[in-house]
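Notes for the one structure printed next.
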Amino acid sequence: MIQIEKMNKVFHLKSGDVTALDNVTLNIGDGMIYGVIGYSGAGKSTLVRCLNLLETPDSGTLSVGDSGVITLKDGKAYDAQGRKMTEKKLGAMRRGIGMIFQHFNLLDRSTVFENIAYPLRYTGMKKADIEARVFELLDLVDLRDKADVYPSQLSGGQKQRVAIARALANKPQVLLSDEATSALDPDATEAILNLLRDLNRKLGLTIVLITHEMAVIKSICQRVAVMENGRVVEEGDVYDIFAHPRAAITRKFVSSASALSKVDKLMEEGSTLVRPTANQKLVRLTFHKDCVGEHVISTVSRDFGVDINIVLANVEVIEDNPLGGMIALLGGEEKQVAAALNYLNENHVYTEVIADGSI
Amino acid sequence: MEAFEQLIEQIAPNLYAYRDRFFTSFAATFEMFAKAGIIAFVVGLFFGVLLVITRKGGVRQNLVVYQIVNIVINVFRSIPFIILLIFLIPLTRAVVGSAIGVKGAILPLVFGTVPFYTRQVEVALTGVNEGKVEAARSMGSGTLGLIFRVYLHEAVPELIRVTTVTAISLIGLTTMAGAVGAGGIGSFAINYGQNQNHQDIVNVCVVVLLIVVFILQSLGNALARRTTNRGLFRKVHQ
């Protein structure tokens, strides 16, 4: 649905040049919920703005839906035939891509109805058709009774639903979401994410979702790209990224979304819970969808004569697949513990020794 | 009505004696206010919009146009109106054929009002959240759509407020137009009140102007409130 290749964007600021996009290449499949995560300033907002050309990249190519390959050169966009894209053409392209924002960006002086009708007006559409379409959209986001209310009377979650309805008015194939849940409370966040998931399934909508929260990625995305300093440092299926984060920044994000991250704090505080004694090792175990956690643990304990003291444990469900994590103290003879870890590795349990009591 | 006339005759005998003069002066002030006001409204709005869309990061960034308008406005804002009035005499004569009377006062009044109003409009439009503009762009709106459907639409209450302020200051400027023989309340107060030592005439002029300003301000406030639409519930559908 979306292909970008070798996209670059540099902002020339008074304080110096900022590289927002550094040779970014991504391929986002049809009907996918694709997450882009990064800290603020990583370039993810620029990336999403370049997808509907609100921002023109300095170079690279872009193709969204049936747009054809758009070539970007010197801050100008050229269509597949090599013609420079006019404001009008860009407008037509943008109408095929919906976008929602962190702060909703509704028109305060227009009712909910008028906000949703905004993209339909002045398009040659008949008044009656506009009205029918707006109510169809209001039903889609479950806000029919709020048609004549002004945005100031809505909650954050409701405002975002209006924004979603507005973004979908022209039946786009793609929806761009720029931190759409970052200003919402946890309940509203969940409701909006559920709505996005529903829309993705019902309409086959491709969603590109920008966020700085790994929990959002975990709950609805299928694939994720991790950005840092304008570069995509890691990209893949969400499950794989959670199971095997490679880049340092990805590890940080993954641990931020994990209940096991508590161990870092406990260690920092010098808690006795996580301090191994002379014959103990503190290890982190990660269980994948293709290994059965409990069985392996009891085997290790029985066959290797190793004492296992579980400090923290957690099972995440990502895209219907379990991902287990455990922080445990393994105690016993040095040789036995080493053999136990080896056995675990052989059984596809990823092990990492965090602290060793014998050192 | 008769009782009222008697009352006026009693408390302001001189004004009563010159009441016809007073009415023509009032009419002249109103004419200058209305004509210059309408022109300044349109021109100021135009330049205010132009500044906002051509500024750095604007939807049609053009720093050359921006700087030219910006400098011209600053120059004209720095000239005291009474000086501007006589400075513009040659231009007024060339444009409207006469530099005196109400006819000759309109152009300087426009020049005196537009820079101030343009700045006010610029500030009002700058208050429109850029996020709304970006959202409208993402929905395919072009420059005209952004100007009319986002900037001007969202800034209506603020535009009403700044228009009220400008209208009140325009009334102040019209009182100086007497310097080019345009008549009006201002020259009436000086020629018939101050110069002939008729304090009652000056007093009545002050009261009348106060009432006009008060009405304008109340009207502006009410309109601005009504158009804000916060806390209003409007049931239109079903």
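Among B:THR126, B:THR175, a tally of other beta-carbon atoms within 10 Å of each Cβ gives an order, fewest to most, of B:THR126, B:THR175. Each 10 Å bin, from zero up to the one with the longest distance, holds this percent of the alpha carbon pairs of the range B:90-137: 23, 27, 20, 16, 13, 0. Comparing mean-square fluctuations of B:PHE148, B:PHE81, B:PHE41 from a GNM of chain B with C-alpha springs under 10 Å, the top value falls on B:PHE148. Using the Stokes-Einstein relation with a Kirkwood hydrodynamic radius computed over Cα pairs, the translational diffusion coefficient of the range B:3-54 at 25 °C and a viscosity of 0.890 mPa s comes to 176 µm²/s. Modelled this way, with points 7 Å down the Cα-to-C-beta line, the labels at B:VAL207 and A:VAL315 are 8.9 nm from one another. Dividing the helix sum by the residues of chain B, where each DSSP H run of 4 or more adds -39500 (n - 2.57), gives a mean residue ellipticity at 222 nm of -23500 deg cm²/dmol. Once the C-beta distance of A:THR25 and A:ASP356 is scaled by a Förster radius of 45 Å, the resulting FRET efficiency is 0.60 to the nearest 0.05.
Note on the protein assembly as shown: antiparallel DSSP beta bridges, both residues inside, total approximately 75 percent of the bridges counted. For the range A:115-184, pairs of C-alpha atoms spaced more than 19 angstrom apart make up 33 percent of the total.
Given R₀ = 51 Å, FRET efficiency for B:GLN196-B:ILE68 by Cβ-Cβ distance, to 0.05? Once the sixth-power term is evaluated, E becomes 0.60. Which of rounded, prolate or oblate describes the range A:110-261 when judged by the alpha-carbon gyration tensor and an a/c cut-off of 1.5? Prolate is the answer for the range A:110-261, as a/c is 1.5 or above and a/b outweighs b/c. Set the Cα radius of gyration of chain A against 2.2 N^0.38 Å, with N its number of residues, and you get 1.20.
Farthest toward the positive end of the dipole of the range B:1-96, out of B:VAL42, B:VAL96, B:GLY58, is the Cα of B:GLY58, where the dipole comes from beta carbon charges about the Cα centre. Each 10 Å bin, from zero up to the one with the longest distance, holds this percent of the alpha carbon pairs of the range B:84-238: 10, 25, 27, 21, 11, 5, 1. Packing, taken as the mean count of other beta carbons within 10 Å per residue, orders the peptides B:27-34, B:104-111, B:47-54 from highest to lowest as B:104-111, B:47-54, B:27-34. Taking each of A:LYS88/A:LYS218; A:LYS44/A:LYS252; A:LYS88/A:LYS159; A:LYS89/A:LYS146; A:LYS9/B:LYS56; A:LYS73/B:LYS56 in turn, the alpha-carbon distance tops 27 angstrom for A:LYS88/A:LYS218; A:LYS88/A:LYS159; A:LYS89/A:LYS146. Given a Förster distance of 56 Å, report the FRET efficiency between A:ALA128 and A:ASP307 from their Cβ-Cβ distance, rounded to the nearest 0.05. Once rounded, the FRET efficiency stands at 0.15. The dipole here belongs to the range A:179-301: it is taken about the Cα centre, uses +1 on the Cβ of Lys and Arg and -1 on the Cβ of Asp and Glu, and is about 340 debye. Put in line by how crowded their Cβ is, counting other Cβ atoms within 10 Å and starting with the fewest, A:GLU179, A:GLU5 read A:GLU5, A:GLU179. For the segment A:106-115, counting C-beta atoms of other chains within 10 Å of every residue's C-beta and taking the mean gives 5. Footprinting exposure proxy ranking of A:TYR122, B:TYR18, B:TYR151, fewest other C-beta atoms within 10 angstrom first, gives A:TYR122, B:TYR18, B:TYR151.
Every number in this text was worked out from the coordinates using simple rules, so none of it is lab data. For clarity, every value in this text was computed on a predicted model and none was experimentally measured. Every residue, glycine as well, gets a Cβ built from its backbone with ideal geometry; the counts of neighbours run over all protein chains shown.
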